1. Criterion first (within 30 Å of residue 239 (Cβ to Cβ) and in contact (Cβ under 8 Å) with a residue 40 or more places away in the chain) does residue 281 satisfy it?
2. Taking the stated definitions as given, is residue 224 touching a Leu at 6+ places or on another chain (Cβ under 6 Å) and under 30 Å from residue 173 (Cβ atoms)?
3. Give the residues of the stretch 319-337 that are touching a residue at least 12 places away in the same chain (Cβ under 8 Å) and either more than 22 Å from residue 248 (Cα to Cα) or outside any helix (DSSP H, G or I) (or both), sorted by residue number.
4. How many residues does the stretch 297-308 hold that are in a helix (DSSP H, G or I) and surrounded by 21 or more Cβ atoms within 10 Å (Cβ to Cβ)?
5. Being over 30 Å from residue 368 (Cβ atoms) and in a helix (DSSP H, G or I), is that true of even one residue in the stretch 236-245?
6. Among (1) loosely packed, with under 14 Cβ neighbours inside 10 Å; (2) under 35 Å from the mean Cα position of the chain (by Cα); (3) assigned to a loop (DSSP other than H, G, I, E, B), there is one condition residue 93 misses while meeting the rest; what is its number?
7. For the stretch 384-420, how many residues are in contact with a Ser or Thr (Cβ under 9 Å, 6 or more places away or on another chain) and more than 26 Å from residue 288 (Cβ to Cβ)?
Amino acid sequence: MDAQQLQEQLFGFLKANPTQTFSAQALTDGLRLNDAQGFTKVVQALAALERAKKVKVSDSGDFQYDDGSQGIIGVFRSNEKGFGFVKYDEKEDDIFVNPDNTMLALNLDEVRVKILTRGDAANGKGPEGKVEEIIKRHIESVVGEFKLGSDYVGYIGTIKLTDKKLATYEFLVKEGGLHPTDGEVVVASIDTYPTVTMPKHFTGVVTETIGYKDEPGVDILQIIYQHEVPHIFPEAVIEQANQIPDTVQPEEWAGREDITDQPLVTIDSIESKDLDDAVVVWRLENGNFHLGVHIADVSHYAVEGTPLDEEAYNRGTSVYLTDRVVPMLPRNISNGIASLNPGVDRLAMSAEMEFTPAGDLVKHRLHTSVMRSHARMTYKAVNAILAGDDDTRSEYQELVPMFEDMAKLHEALSNKRTARGAIEFDAPEAKIIVDEQGHPTDIELRERGLSERMIESFMLAANETVAMHFDQLNVPFLYRVHETPDLERVVKFFEFVKALGAPVQADPNKVKPEDFQKIHSWFVGKPEEQMVSTMMLRTMKQAKYSEEPIGHFGIGAEYYTHFTSPIRRYPDLTVHRLIKHYAAQGLG
């Protein structure tokens, strides 16, 4: 590799990771230049890049892409009116780009943008820039309805694009791909993007047909294809999943506690098929509550490094749509062997906790187990039991005392969360009713009753307990964190709610969860409640995953992780693996 090639390779790598810094040694190792002269060559190349103002050196001597001279790299978000914004840093204002300076960038393209004006925070004006380079296109294919024929010579038809961000563009279909019929919904790959001479046109070939526009389910499939949601499992994944037995095998009991005699139940919505959490509560002789939260041991089946695991990682989460779920795992796992169906043995990860009547955690234990659900309960049925419905209480008479204890424990846990400042949003959730053809016929509000809140309390308790356990052990772990909101946003929010009459006494420099809780409580039941809740959510930062246990502002929790949903969320799977790792390998 000559000096010029080395410079290009180093610059390309640093440009692809613009927010990170790298030592010369790390870059040498990454390039596998293990000969005696390798390090010297890399240092010389980096020095040349620094002189050219392509890279900069940090105070610690590490190297980084120089966004000051080369331009800032970020994601372009387009507006239908032609302008857009480039987002590049959570802590910085987005960069405005007027229609003449977009370089025909499309929504979510990765771009390099040159700053034209820095903006003025005092006047509420953000920075403005100009797109200098489109580094990576976000979309490589499109979805839409095929129309036979075109006004342009050499094209067999056009596609009316589904994506609203592309509504003003025309897609011209070339020869060389499939030949759909008029009215079919298709997927097409992009060969050429908008240019200066044809600023509103794509060209490409049809690669797949989905179905006709009015056929049942095609509208949902359009959304799946448009957002590139992985919905077909690769052959290797199906092969691996099919080899997994549909019952727990005798050898799988080894090293696990047998808790099949405990009266565990699942409590979910009527529609749920992937039941990944079971709960049990009983009163101890000392008057305390025992709470058991038992979660499907998905990590036993999705073994790290296997095709099943790699596909789950790629998907990241299950995707819930109007009338279907695109699962993270094949259905014989998510709805079968890993689903805590009633009356059958299942492998579980168990969090057992002891709480005082006031809701204080005094003991806890984490372990693997074999469990058996004693009933598949629905929120509706449990709500009826707790409301005193005689017929439902009679049907489940053996479990009624446990549900009543659950309600008492939930009340104690809820009071504890309120006391520490947790913010309980109660926004109505819509449920779309579809007919047999998949067409929406009605929208209903989902009722969030006592049983829904109860299960939420128990899942929060388990997630907090697991996070606390590993933080106190001082070992690497995965946490779900929610940082304190930025001062500027807090100030604007306080001004907003004061204008609506709310008595705000909080110091924005030292904002606490209870400050937001008091504001929210003041608006509960008032016409402005939903608007204020929305503005409050916008004021807060987004929750994220972190190796640092910095707490969760929104629920006022010192510790938090995701432990309770491994069937539909990959991070929970990672948490389960860490629990098993420390149990097997120790903490050293």
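The values are calculated or read from the model by the stated rules, or taken from the named source; none is laboratory data. Everything numeric in this text was worked out from a predicted model, so none of it was measured. Neighbour counts are summed over all protein chains in view; Cβ atoms, including those assigned to glycine, are modelled from backbone coordinates with ideal geometry.
1. no
2. no
3. Result: 319, 321, 322, 323, 324, 325, 326, 327, 328, 329, 330.
4. Residues of the stretch 297-308 in a helix (DSSP H, G or I): 298-300, 307-308.
Retained after the next criterion (residues that are surrounded by 21 or more Cβ atoms within 10 Å (Cβ to Cβ)): 298-299, 308.
Count: 3.
5. no
6. (1)
7. The qualifying residues number 1.
Okay, residues lined up against (1) farther than 30 Å from residue 281 by Cβ; (2) crowded, with 20+ Cβ neighbours inside 10 Å; (3) in contact with a His (Cβ under 8 Å, 6 or more places away or on another chain); (4) not hydroxyl-bearing (Ser, Thr, Tyr):
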site	(1), (2), (3), (4)
450	no, no, yes, yes
459	no, no, no, yes
462	no, yes, no, yes
466	no, yes, no, yes
473	no, no, no, yes
481	no, yes, yes, yes
489	yes, no, no, yes
496	yes, no, no, yes
508	yes, no, no, yes
